[in-house]
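The values are calculated or read from the model by the stated rules, or taken from the named source; none is laboratory data. Predicted, not measured: the structure shown is a model, and the values here were computed from it. Reconstructed Cβ throughout: ideal geometry from the backbone, glycine too, with neighbour counts over all protein chains shown. When the accessible area is computed, the model is the full protein with side chains, heavy atoms only, and any ligands, DNA or RNA have been set aside. Shrake-Rupley method; radii C 1.70, N 1.55, O 1.52, S 1.80 Å.
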Amino acid sequence: MATADKVLVYDRIKGVKQIPLEEFYTSGHRTCQGCESATVMRQFIKAAGPRTVVAGSTGCMYVANTSYMTTPWIVPWMHTQLGAGGSSAVGMAAGLRALMRKNRIPQEKINVISFCGDLGGGDMGLSGISGALQTDYDLLIIMYDNESAANTDIQATGLTTWGAQTTFSPVGKVERIMHRRWKKNVAAMLAVGHPNCRYVATACATYPPVDFLNKVRKALSIGGPTFIHTYDPCPKGWDFHPRYSHELGELGVRSGLLPLYEIIDGQVVYTYDARKTGKGRIPVREYLTKQGRFAHLTEEDIAYIQRMVDEMWDEWEVPGVAPFRGTLKVSA
Amino acid sequence: MIKRVEINYRGIFQKNLAKKIGGDIVMIAARMGQVGFSNGRYSDAPERNGIPCKYFAFVSPDLSEEELEAECGAKLDIDEANISVVLDDTMVKGVEPWAWHGVRPINEKVVPYGHMLIVSRRRPEELVRFMARKPYPYYLALLEGDASFAGLWVYRDDLTHERVLGAIAALDPQLLSIEAVKGYLWDKTHEEHRVEAAQKAFESVRHNIHEVTPLQGIDWPYEIPKLPKWHEFSEGVVVKAVPREFHLGPKGQSRNQLFKRGTTKSQRPVVRFDLCTKCTLCWLECPDQCFDPTPDGYYDIDYEYCVGCGKCAEVCPVQECIVMVDELAFEDNRSPWEHWKRDPEGYVRWAEEKKGKHRVLPNVVTGTGERVVEVEPVPVGGKPKPAARAGA
């Protein structure tokens, strides 16, 4: 796995006391109580600093953050189309490069960040993101993943966990489980397919503390197109009390269901190593039973999810990241 | 003639409940030979947890369905309400569902001699002291109970739905008669306890109606913003960013002045600064950026922006340092840190008095109940103890 031959130089935040105090995404947005995606917005811009331009695809973090011609953003922010997370980032980066080349604006480092939700990034905008990761522009795409189209009151997406109740997968008397797709593995998919992209990571905004801020700094320092996938517990769609949004993220990570890792120049670095040889993992039950969207699951369902998670960490070629398994013997 | 009922509720938490009540008013009115129509307020969607929302039911004894729908269907909000139901009593402090709306009085739409029906365990004067003075008299009816909160998927069947229908019958028998309410509930569920709950609420609310005179209430302290005209917008769809400004101390961070959203909360965090270890977690984890770092390393709270999610109280590692307290216990949004600096002992006394001795810890899945524990207050100079984590 990670070796010490390459060193990534970046301005590391060593602890909570070193986090910049000033906000660039401030109060006065129409998000839910206990919104973790709002925490993602706040922290990525804290890590990036004021010399940043941000684009946001349609989704919760666009609609909730533009309540009737007002904004909580202090840095320049632009709304873009649902599937345009990647192309808007390329456009902004290309525009800045051209303006600097023509000396229309001073030469300086301006961070380009584009964020999209799990529907906008993982399903609809995937081709645009793939295109952006093949360029040589310095840009960061952040996919905030609350496992549903949460803005329009919780429709299932490709990143919804197996078995979850959504308005697209209501629990019925005949069919208990209506959502039978396994969560799409977007970060690893992008890392595997885009050799230009030197940095891909998954993160949880508040667990472990400071980790997400440093991942943003690494992504912005390494150069070229980069991608971060964040897991955001959503009190509205996952149906838990807003008070516990930190807990749910922590439980998801520690149960191994939400793997945290970085892929830096093709090397995998675990942020939370949920293998038995690493930090180990708690039963997924701890995480599932604390959410109303899984209230209908039976013991059998929970055991199935546990089996899938165990397989992911114990049997995959790159545990928690890439689902390849040994060599398949094919008879002639 | 049209009778208008509005149901004020907390977004998501009471969405299913309000919808059930609104829909059932129409169904019951239909049993009485009337025409009804119900819908939600358009601009509330997409709904967010805790934000004040409205659901409407319109009933007419003489209009046709088409006429009623034409009259009531396409409006953003109603101009007047014959009955205004409030499903969470903390909304009497005002409601601000979106930007450019302003914090408005909960009784804004009530007509002369109309009714406010509030689900609450408080006395009428404890609620009226937060409500705006009206130029005419109206009635305040109280349905005794706690605000029924649930999530999107797990409905909390605590009979609030049936009780509100019974209570409405007590306020206006022409709109809904108690016989029709009971008949409807029986036909729908064949469950005796639901019919009984409506009947009991009907009886108790009949004796819990209070006239509010034009002398009662307060002069509304919040300005209602004037919407900009189309020609006042800048070219394209451009919104001015919040100006960059930061210094240590209360309100040191610049914030969106056009949407303060503090009316989202039904509880607020109360901080014992003397127990604080300056760990930064409340500030770092707050999704609404309402903690202001102070020059001496503490974190002040801007209650105008706090939405009362309770995350700070949950992540705080010190026992009894941050505690969530019912929003109706507070009169203003002044800075708690300044209060503490001015009068350290007085502040702690005040905080402990507000906190009381009982702590309500909600279960993790919304609306599935809570634990109530009794605690001994930590004295001034008491040693900070580590807090127990409820979730992880």
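With 20 Å bins from zero, work out the P(r) of chain A over every alpha carbon pair and list the percent per bin. Per 20 Å bin, starting at 0, the Cα pair percentages come out as 32, 59, 9, 0. Averaged per residue, the range B:262-374 has 35 square angstrom of accessible surface, using a 1.4 angstrom probe with ligands and nucleic acids left out.
Taking B:Ala70, B:Ala29, B:Ala150 in turn, the Gaussian network model of chain B (Cα-Cα springs below 10 Å) assigns the largest fluctuation to B:Ala70.
Legend: distances between Cα atoms for A:Lys236/B:Lys75; A:Lys290/B:Lys54; A:Lys173/B:Lys182; B:Lys15/B:Lys383; pairs beyond 32 Å are B:Lys15/B:Lys383. Accessible surface buried at the A:B interface totals approximately 5900 Å², computed with a 1.4 Å probe on protein heavy atoms. Using a Gaussian network model of chain A in which every pair of alpha carbons under 10 angstrom is joined by a spring, one finds that among A:Gly85, A:Gly249, A:Gly128 the greatest mean-square fluctuation is at A:Gly128. Here A:Phe324 sits with roughly 120 square angstrom of accessible surface, probe radius 1.4 Å.
With a Förster radius of 25 Å applied to the beta-carbon distance between B:Thr213 and B:Glu71, the computed FRET efficiency rounds to 0.20. When only the Cβ of Lys, Arg, Asp and Glu is charged (+1, +1, -1, -1), the dipole of the protein assembly as shown relative to its Cα centre reaches about 1880 debye. Among complete DSSP H helices in chain B, those whose alpha-carbon atoms stretch at least 20 Å along the helix's long axis and whose mean Kyte-Doolittle hydropathy reaches -0.5 are B:15-31. Sorted largest first by accessible area at a 1.4 angstrom probe radius, with every protein chain in place, the residues A:Lys276, B:Lys354 fall in the order A:Lys276, B:Lys354.
With each label modelled as a point 7 angstrom along the Cα→C-beta vector, the B:Glu235-A:Ala94 pair spans 2.4 nm.
Per residue of chain B, the DSSP helices (runs of n ≥ 4 H) give a summed -39500 (n - 2.57) that works out to -7500 deg cm²/dmol at 222 nm. Could you give the angle, 0 to 90 degrees to the nearest 10, between helix A:36-48's Cα long axis and the longest principal axis of the Cα atoms of chain A? Once rounded, one gets 40 degrees. Using a Gaussian network model of chain B in which every pair of alpha carbons under 10 angstrom is joined by a spring, one finds that among B:Gly36, B:Gly262, B:Gly381 the greatest mean-square fluctuation is at B:Gly381. Taking every protein chain into account, the accessible area of the range A:139-236 amounts to 29 square angstrom per residue (probe 1.4 Å). Against the compact-protein benchmark of 2.2 N^0.38 Å, the Cα-based radius of gyration of the range B:262-374 scales to 1.01. Applying 1/(1 + (r/R0)^6) with R0 = 51 Å to the Cβ-Cβ distance of B:Glu370 and A:Lys276, what FRET efficiency is obtained, to the nearest 0.05? Approximately 0.90, to the nearest 0.05.
When A:His229, B:His115, A:His79, B:His231 are compared by accessible area at a 1.4 angstrom probe, the order from most to least is B:His231, A:His79, B:His115, A:His229.
When a 1.4 Å probe is rolled over the protein heavy atoms, the share of accessible surface on the range B:3-212 that falls to carbon and sulfur comes to 49 percent. The residue list A:Asn111, B:Asn49, B:Phe273 was ranked by how far each Cα lies along the charge dipole of the protein assembly as shown toward its positive end, using unit charges on Cβ atoms, and A:Asn111 comes out on top.
In whole percent, how big is the carbon plus sulfur part of the accessible area of the range B:262-374, probe 1.4 Å, protein atoms only? Carbon-and-sulfur percentage of accessible area, whole number: 49. Model label sites at B:Glu353 and A:Lys102, defined 7 Å from Cα along the beta-carbon direction, differ in position by 6.7 nm.
A straight Cα-to-Cα reach below 16 Å connects A:Lys218 with the aspartates and glutamates A:Asp11, A:Asp138, A:Glu262, A:Asp265, residues fewer than 8 places away in its own chain not being considered. At the residue level, B:Asp79 shows approximately 110 square angstrom of accessible surface with a 1.4 angstrom probe and all protein chains present.
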